[in-house]
Amino acid sequence: MIINIGFNRFNFFGTLILIIALFFSICGCTPVPNHPQLTVEKPKKTRSGSYLISDLKDLSQLKWWLKIHDPNLTNLIKKALANSNDIKIAEAHVLEAKAQLRQAQYTWLPTLGLNANGFAGNGFNTKINPEGALATTNLFYKNQKVRFNGYYSGFMPNYSLNILANLNNTKLTKASLELERASYLATRLSIIGQVSGSYFMMIGQKAQLDEQRQLVNDLKELRRLEAIRYKKGASDLSIITSIDQKIDNNQASLLTIQNSISQVENTIKLLINKNPGPIKHYNNLNKISINGLIVANIPASVIENRPDFIIAKQNLIMSEANIGLAYSNFFPNISLTGLLGGASLELTHLLNISTGLFTAEAAASMPLLNGNLYEGINVAKAQNNEAFYNYIKSLRSIFADIDNNLTNQQLMNAIYNNKLSAFKATKKSYFLVKSRYIAGATDKRDLLNAKINLDSAKIDLIIAKMQQLDSIVQVYQALAGGIRSNPSHDR
């Protein structure tokens, strides 16, 4: 259906207001998605014993890494948040989404252009039959070839809109902006986790490297003593072969650790936007205290702060807007145009006319039968159902993720404490053997075997500490800890 309506300057604006009011009332009839009533209750308690409580504390503002009291770690996270290319890319996406929102908002405003046209021409086979007083002049006999020229110019306002489409486009771009902001926060959270996790791994592996070297040296010393005994016929070759196997395995582990340290350091350098190279540190891994690092109870606000929750929510809003856009194809498109300016026509030596000019035109069009558009509505509804169940799935996954990481952290604490007890027992055993060696009650081989056991216990304790610290990083990733600490685009 196409409606063309001519307007004069007196009733134009009144008719425009009438049309807009009419279609706003029509928009109120747009169907709203109807989903099954699903209640997703927040768990009151995690398996680790932490409660989810209504608390004013906002973990998204918490710079938890400051509790480590390591200026190198603090400085690295600060540099990464300021210089990471991934964050710069996410910031650019936010700015792009902001511009798209403004673009959608500007569709409500008319456009204004400047238009100017000129023309000129000649007539041929022109016959002019003057009458009256003009017939007594010789004017027309001298101008049988008519020449003419003219112009018109002025401002050309234009207003074209589909009210339902504009409403839903604005809704869509707002949700898109919030989604990009959530992606930006997710990038920040990932950077914090990668830097802190890599830093703990780096200092842990450097401590492990020192102990691994000590273990290899002790094994080599033990082999030297066994080789002397073998030459004297007091030992068996199988003992030396067994020690050689241990030396080779531990030297291979030594090379693996060295390679891993290089890769972790390069990862940190990449995160702070620097070229590959070593990273300095002054902290002793086993002196890092975890007391007070994990909050006793979890504020319920952590759910709303999680980027994946925000993204799932905004995807649902966007899918609802897409349904509105699909329906908007069946609503009228209103187009209003006009010209405000001047015009002139000159018939050379005969006539010169100039005038002010005001014209206005309005049109509205809408489809009546289009199967493709009907199926577009069904596609949008199906996508909305998908977004709805993804939203529910996201909530369940968040609950599970928080519970899993808190439980894992609790388990890593228990494992570390067991390894610490084992290390203390091994250390005590070593000193008992050392006392007997000093007293001459045992030989140096027993002392070296006790030392090798102590080396292995130290390595196990270092690995347990690394796992414990990594579990803390994962907990704060699950709690979105520090995600909003001075972000530049969370507004």
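The values are calculated or read from the model by the stated rules, or taken from the named source; none is laboratory data. Just so you know, these numbers come straight off a predicted model, no measurement behind them. Please note: Cβ atoms are built from the backbone with ideal geometry, for glycine as well, and neighbour counts cover all protein chains shown.
Being exposed (fewer than 12 other Cβ atoms within 10 Å of the Cβ) and of a type in the set (A, V, I, L, M, F, W, C) is a property that Ala234 has.
Listed here are the residues, each with its yes/no results for (1) in contact with a strand residue (DSSP E or B) (Cβ under 8 Å, 6 or more places away or on another chain); (2) modelled with pLDDT of 75 or more; (3) of a type in the set (Val, Ile, Thr).
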position	(1), (2), (3)
Lys79	no, yes, no
Lys88	no, yes, no
Val94	no, yes, yes
Pro110	yes, no, no
Leu114	yes, no, no
Glu131	no, no, no
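Taking each residue of the range 188-199 that is assigned to a helix (DSSP H, G or I) and looking for partners that are of a type in the set (Phe, Trp, Tyr) and crowded, with 20+ Cβ neighbours inside 10 Å with beta-carbon atoms closer than 8 Å, six or more apart or interchain, yields Ile192/Trp65; Ile192/Tyr476; Gly193/Tyr476; Ser196/Trp65. If you go through the range 175-205 and pick out every residue that is out of contact with any helix residue (DSSP H, G or I) (no Cβ under 6 Å at 6 or more places or on another chain), surrounded by fewer than 20 Cβ atoms within 10 Å (Cβ to Cβ) and charged (D, E, K, R), you end up with 0. Summed over the range 74-87, residues that are in a helix (DSSP H, G or I) and surrounded by 21 or more Cβ atoms within 10 Å (Cβ to Cβ) total 5. Looking only at the range 433-454, decide whether some residue is under 26 Å from Thr46 (Cα atoms) and among the basic types (Lys, Arg). Taking every residue of the range 433-454 in turn, none turns out to be under 26 Å from Thr46 (Cα atoms) and among the basic types (Lys, Arg). For Tyr416, the stated conditions hold: it is surrounded by 17 or more Cβ atoms within 10 Å (Cβ to Cβ) and among the hydroxyl-bearing types (Ser, Thr, Tyr).
Conditions (1) among the charged types (D, E, K, R); (2) within 30 Å of Ile288 (Cβ to Cβ); (3) in a helix (DSSP H, G or I); (4) out of contact with any Pro (no Cβ under 8 Å at 6 or more places or on another chain), marked per residue:
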site: Ala380; (1), (2), (3), (4): no, no, yes, yes
site: Gln383; (1), (2), (3), (4): no, no, yes, yes
site: Ala387; (1), (2), (3), (4): no, no, yes, yes
site: Ile398; (1), (2), (3), (4): no, yes, yes, yes
site: Asp401; (1), (2), (3), (4): yes, yes, yes, yes
site: Met412; (1), (2), (3), (4): no, yes, yes, yes
site: Tyr416; (1), (2), (3), (4): no, yes, yes, yes
site: Lys419; (1), (2), (3), (4): yes, yes, yes, yes
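On inspection, Ala450 does not qualify as small (Gly, Ala, Ser), in a helix (DSSP H, G or I), under 30 Å from Asn297 (Cα atoms) and at pLDDT 95 or above. Could you check the range 240-297 and list, in sequence order, the residues that are under 28 Å from Ala480 (Cβ atoms), modelled with pLDDT of 85 or more and outside any loop (DSSP other than H, G, I, E, B)? Correct list: Gln263, Val264, Glu265, Asn266, Thr267, Ile268, Lys269, Leu270, Leu271. So the check is Cβ under 8 Å with 6+ separation or different chains; which pairs have a first residue in the range 213-236 that's farther than 12 Å from Lys451 by Cβ and of a type in the set (Asp, Glu) and a second one that's at pLDDT below 90 and not in a helix (DSSP H, G or I)? Cβ pairs passing all conditions: Glu226/Ser235.
Among the residues of the range 442-485, none is identified as without any contact (Cβ under 8 Å) to a residue 12 or more places away in the chain and on the phi > 0 side of the Ramachandran plot. With respect to being modelled with pLDDT under 90 and among the hydroxyl-bearing types (Ser, Thr, Tyr), Ser394 falls outside the description.
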